[in-house]
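Comments concern the structure below.
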């Protein structure tokens, strides 16, 4: 049986997720990320969820590492700077597995892959407050955004955007934030924890300027994808799923997730003290 995280817990986690001691202790990663002679799991750098720059590699890394430990499988997470590199390893090099979100696969490719959900995150739409001092709320009709430009993660934007006359510009979240500030895009799609983390580390003077367009949001699933073309892909997927189910049932999953969460008040307090 596969577990989907309850909506209430998702809301708490995804709105409030941030590393508990990243700034107090400096960047750290779990040694499990660099286990020698292990199968490589390629993943896109995605702080604060999964990155070499956050404590223990982030909650996704912690959960994945524990599931592999319980499965008696040797695997290491290799964080790549670009999503295209992750896709290349999977489809061209027949990598053991990847961790992905916002990645499109053809029907033929899907037949060779095994998808296991790890986490569901909530993504909102953000604008840059100085460009819209009176606010920029989500419209009742998407067609009211005609002529606007949306900053988006990758090439999987729903066709309805283009049909509504909305231009799409793809890139990493931090790049989209910079383009939003420069006025090159009108709004971007991202999770609140990502915006909080990236603004705190790279754009500290603008932390309060990235504002959500009301409550409009979408849920996105982060998955581990095993490759059937790899000799151990299918058997490893079955063992990993069994271990992940057990982690949900005995509370380990929730415990690991909660170790990487904080309240909004605490997050704002920390950000106020680390900003240069």
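Let me spell it out: the conditions are (1) exposed (fewer than 14 other Cβ atoms within 10 Å of the Cβ); (2) part of a strand (DSSP E or B), and residue 93 meets all of them except one. Which number is the exception?
With respect to (1) exposed (fewer than 14 other Cβ atoms within 10 Å of the Cβ); (2) part of a strand (DSSP E or B), residue 93 is out only on (2).
Output the number of the condition that residue 135 fails; it satisfies all remaining conditions of (1) crowded, with 17+ Cβ neighbours inside 10 Å; (2) at pLDDT 90 or above; (3) out of contact with any helix residue (DSSP H, G or I) (no Cβ under 8 Å at 6 or more places or on another chain); (4) farther than 30 Å from residue 255 by Cβ.
Status for residue 135: all satisfied but (1).
In the stretch 138-153, is there at least one residue being modelled with pLDDT under 90, surrounded by 12 or more Cβ atoms within 10 Å (Cβ to Cβ) and not assigned by TED's automatic domain parsing to the domain that holds residue 57?
Yes, the stretch 138-153 contains at least one residue that is modelled with pLDDT under 90, surrounded by 12 or more Cβ atoms within 10 Å (Cβ to Cβ) and not assigned by TED's automatic domain parsing to the domain that holds residue 57.
So is residue 75 without any contact (Cβ under 8 Å) to a residue 40 or more places away in the chain and over 20 Å from residue 152 (Cβ atoms) or not?
No, not satisfied.
Of the residues that sit in the stretch 188-210 and are part of a strand (DSSP E or B) and touching a helix residue (DSSP H, G or I) at 6+ places or on another chain (Cβ under 7 Å), which one is farthest from residue 128 (Cα to Cα)?
Among them, the one singled out is 191.
Which number in (1) under 20 Å from residue 103 (Cα atoms); (2) in a helix (DSSP H, G or I); (3) in contact with a helix residue (DSSP H, G or I) (Cβ under 6 Å, 6 or more places away or on another chain); (4) in the same structural domain as residue 74 (by TED's automatic domain parsing) marks the one condition that residue 226 misses?
(2)
Say whether the condition of being within 22 Å of residue 213 (Cα to Cα), modelled with pLDDT under 85 and surrounded by 14 or more Cβ atoms within 10 Å (Cβ to Cβ) is met by at least one residue in the stretch 111-130.
Within the stretch 111-130, not a single residue is within 22 Å of residue 213 (Cα to Cα), modelled with pLDDT under 85 and surrounded by 14 or more Cβ atoms within 10 Å (Cβ to Cβ).
Between a residue in the stretch 105-127 that is farther than 21 Å from residue 173 by Cα and any residue that is assigned to a loop (DSSP other than H, G, I, E, B), which pairs come within a Cβ distance under 7 Å, given they are 6 or more apart or on different chains?
112/228; 112/229; 113/105; 113/228; 114/228; 117/2; 117/4
Taking residue 64, is it surrounded by 18 or more Cβ atoms within 10 Å (Cβ to Cβ), in the same structural domain as residue 215 (by TED's automatic domain parsing), closer than 24 Å to residue 192 by Cα and out of contact with any helix residue (DSSP H, G or I) (no Cβ under 6 Å at 6 or more places or on another chain)?
No, not satisfied.
When you look at residue 78, is it buried (at least 16 other Cβ atoms within 10 Å of the Cβ), assigned by TED's automatic domain parsing to the domain that holds residue 193 and outside any loop (DSSP other than H, G, I, E, B), yes or no?
Answer is no for this residue.
Could you pull out the residue among 156, 175 that is farther than 18 Å from residue 132 by Cα and at pLDDT below 90?
Exactly one residue qualifies, and that residue is 156.
The values are calculated or read from the model by the stated rules, or taken from the named source; none is laboratory data. All values derive from a computational prediction rather than experimental measurement. Glycine also receives a Cβ, built like all others from the backbone with ideal geometry; neighbour counts cover every protein chain displayed.
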